[in-house]
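> Can you read through this structure? Questions will come right after.
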Amino acid sequence: MTAFSDGLFSIAMTLLIVEVAVPHMIHTGSVRELLGRLGDLVPDFVGFFLSFALIGKYWVAHHQMFSVLRGADYGLISRNLFYLAFIAFMPFPTALLGDYFDNPLAVVAYAVTGAIVSGLEVVLLRYAWKAGLLRVKVTPEVMRWGSIMSLAPVVAFLVSIPVAFVSTLGAVLMWLITVPFGVFMHRRAPAGADVLE
């Protein structure tokens, strides 16, 4: 299951760059034209690196969780497949965001997808915990801390949705709030939280 998940993560991350097409030029020797075409691709590059970092973060978290499993059951496998479906879907809203950065619906599509994936992280972890599939002891305090850490991006993504209709750039910048929040929460991690890191 881990190998299948890793393969899907790597394919999704690779597909992100496939959406960034090399610009077509009329005058192939023109530096000015190429520079202008590359400038037009800036939103695509932003979308690529943003999504690469986000999917990379999801992959690290997924790997950490699976490293503390003692086994898997049908419930975990089915939930993992549902989670992976949205990881595989990420290149689509990324391409949408790159092509239509100024359109609030493109930002909303990305935010909703990100919120779903982040929320499903909590679903996977809590299911494994309640089903007794973890080979390490996780206290309710540690589980609550881990859930808050995973739900922070959900809140940031959802709060950014109405902001997108005022400023798409402002909405995207709101997603970065999770970085200082994560630093803040790491400093307040309960004893034993290192098993989830």
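> Tally Lys and Arg at +1 and Asp and Glu at -1 over the other residues with C-beta under 14 Å from the C-beta of ALA131: what net charge comes out?
Its environment carries a net charge of +4.
> Which value, in debye to the nearest 20, describes the size of the charge dipole of the chain about its Cα centre when Lys and Arg Cβ atoms bear +1, Asp and Glu Cβ atoms bear -1, and nothing else is charged?
760
> Could you run the Karplus curve 6.51 cos²θ - 1.76 cosθ + 1.60 with θ = phi - 60° over segment 158-165 and give me ³J(HN,Hα) per residue in whole Hz, x for Gly and Pro?
5, 5, 6, 4, x, 5, 4, 7
> Suppose R0 equals 25 Å. What FRET efficiency, 1/(1 + (r/R0)^6) with r the Cβ-Cβ distance, do THR28 and ASP102 give to the nearest 0.05?
So the FRET efficiency works out to roughly 0.30.
> Quickly work out the VAL18-to-GLU141 label distance, labels modelled 7 Å from Cα along the C-beta direction, and quote it in nm with one decimal.
Reported label-point gap for GLU141 and VAL18 is 4.7 nm.
> Among rounded, prolate and oblate, which fits the chain when a ≥ b ≥ c are the square roots of the eigenvalues of its C-alpha gyration tensor, a/c under 1.5 means rounded, and a/b larger than b/c means prolate?
prolate
> Moving on to the next point. For segment 138-153, in order, what is each residue's ³J(HN,Hα) by Karplus, 6.51 cos²θ - 1.76 cosθ + 1.60 with θ = phi - 60°, in whole Hz (x at glycine and Pro)?
Result, ordered by residue: 10, 6, x, 5, 5, 5, 5, 4, x, 5, 5, 4, 6, 7, 4, x Hz.
> Name the residues whose placed amide hydrogens come within less than 5 Å of the amide hydrogen of LEU134, ignoring near sequence neighbours (fewer than 5 apart) on the same chain.
So LEU134 has HN proximity to ARG70.
> Something else: Applying the Karplus parametrisation 6.51 cos²θ - 1.76 cosθ + 1.60 with θ = phi - 60° to the phi angles of segment 119-130, what ³J(HN,Hα) value in whole Hz is obtained for each residue in order, glycine and proline being reported as x?
x, 5, 4, 5, 4, 4, 5, 5, 5, 4, 5, 5
> Let me ask something else about it. For each of VAL122, VAL154, count neighbouring Cβ atoms within 10 Å of the residue's Cβ, then give the residues from fewest to most.
Result, fewest neighbours first: VAL122, VAL154.
> Calculate how steeply helix 2-18 sits against the longest principal axis of the alpha-carbon atoms of the chain, using the helix alpha-carbon long axis, and give the answer as 0 to 90 degrees to the nearest 10.
Long axis of 2-18 versus the principal axis of the chain: about 20 degrees.
> Work out how much length SER78 to LEU176 would gain on full extension: take 0.36 nm times their residue separation and subtract the Cα-Cα distance, in nm to one decimal.
Net length gain for the segment: 32.2 nm.
Computed from the coordinates by the stated procedures, all read-outs in this text should not be read as laboratory data. Only a predicted model underlies this, so the values are computations on that prediction, with no experimental measurement involved. Here the Cβ is made from the backbone with ideal geometry for all residues, glycine too, and neighbour counts use every protein chain on show.
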